[in-house]
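What follows is a set of notes on a single structure, which appears directly below.
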Amino acid sequence: LIGDDTDVRAVEMLPVIDEHGNVLNQATRSACHSKLYLHPVIHLHIIDRDSRIFLQHRSANKDLMPGRWDTAVGGHVSYGEYLEESLYREAGEELGFYDFNPHLIHRYVFENESEREMVCVYATVGKFDIHPENFEVQGGRYWTLDEIEEAVGKDILTPQFESEYRLIKDKLLALL
């Protein structure tokens with residue numbers, strides 16, 4: 001157990017993993033972010049049959065990138081949780097979205113000054129009616145590929161979405 005929080009039952013515990021996804025230990029969320037322990041997160045890209053991608057509009061309440069547009073669903077994997085289990089939990093929490101068939105399309109390590117994550121990227125394709133409204137997400141909509149390209153580099157999208165989109169765009173389009 002890694003972390004200096006006094007009551008670990010009251011804090012979010014995350015798995016600490018190696019570059020292959022093997023769980024080595026568990027740590028508090030704050031320890032993962034302060035010590036840059038590699039930990040898994042999930043992202044879900046939602047695509048419709050018109051080649052549009054659903055993006056969430058991050059709430060003003062978020063401490064990172066408030067008001068920016070981002071991947072439809074993203075979140076930490078809790079200690080003891082399977083990847084797809086966390087995917088459905090986060091999709092439900094953020095979008096009220098439960099009825100989908102996810103496909104794992106890519107994994108990569110994302111690192112910045114505050115975190116080091118193994119990002120497990122999923123996608124789902126279909127006709128979905130999504131209306132997010134909660135503390136974390138202030139809305140969302142489908143974007144055309146041209147709209148996304150036009151917004152890149154203009155502080156509209158999160159930097160992580162922009163880099164991930166460049167990395168997986170062809171894999172998303174291959175699902176159509």
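The values are calculated or read from the model by the stated rules, or taken from the named source; none is laboratory data. Everything numeric here is computed off the predicted structure, so don't read it as measured data. Because the Cβ atoms are built from the backbone with ideal geometry, glycine has one as well, and the counts that use them run over all protein chains shown. Only protein heavy atoms, including side chains, enter the accessible area calculation; ligands, DNA and RNA are left aside. Shrake-Rupley method; radii C 1.70, N 1.55, O 1.52, S 1.80 Å.
Annotations for the structure displayed:
- For the stretch 25-176, the number of Lys pairs with C-alpha atoms closer than 25 Å, counting only pairs eight or more positions apart or on separate chains, is 6.
- Cleavage-rule hits (chymotrypsin sites (Phe, Trp or Tyr not before Pro)) in the stretch 87-176: DSSP loop, at most 11 neighbouring Cβ within 10 angstrom: Y98, F135
- Which of M13, M65 is most accessible, then next, and so on - probe 1.4 Å: M65, M13
- Remark on the stretch 7-69: Rg and Dmax equal 15.9, 49 Å (Cα only).
- For the stretch 53-131, the equivalent ellipsoid derived from the Cα gyration tensor has semi-axes of 20, 18, 12 Å, listed largest first.
- When all protein chains stay in place and ligands, DNA and RNA are ignored, the 1.4 Å accessible-area order of R166, R89, largest first, is R166, R89.
- Bridges between two residues of the chain, per DSSP, are antiparallel at a rate of about 70%.
- Per-residue [θ]222 nm for the chain (sum of -39500 (n - 2.57) over DSSP H runs n ≥ 4, rounded to 500): -7500 deg cm²/dmol
- The stretch 97-176: GluC sites (Glu not before Pro) falling in loop per DSSP and having at most 13 other Cβ within 10 Å: E113, E133
- Cα shape, the stretch 89-163, gyration tensor, a/c 1.5 rule: rounded
- Taking the longest Cα principal axis of the chain as reference, the axis of helix 159-174 is set at about 60 degrees.
- Approximate spin-label separation N134-L175, in nm, with each point projected 7 Å along Cα-to-Cβ: 2.0
- Against the chain, whose longest principal axis is taken from its Cα atoms, helix 83-95 shows a tilt of about 60°.
- Volume per residue for the chain equals 115 cubic angstrom (convex hull of Cα atoms).
- Difference of contour (0.36 nm per residue) and Cα-Cα distance, E19 to E111: 31.9 nm
- Oblate is the label for the stretch 100-140, because the ratio a/c of its alpha-carbon gyration tensor axes (a ≥ b ≥ c) is 1.5 or higher and a/b is not greater than b/c.
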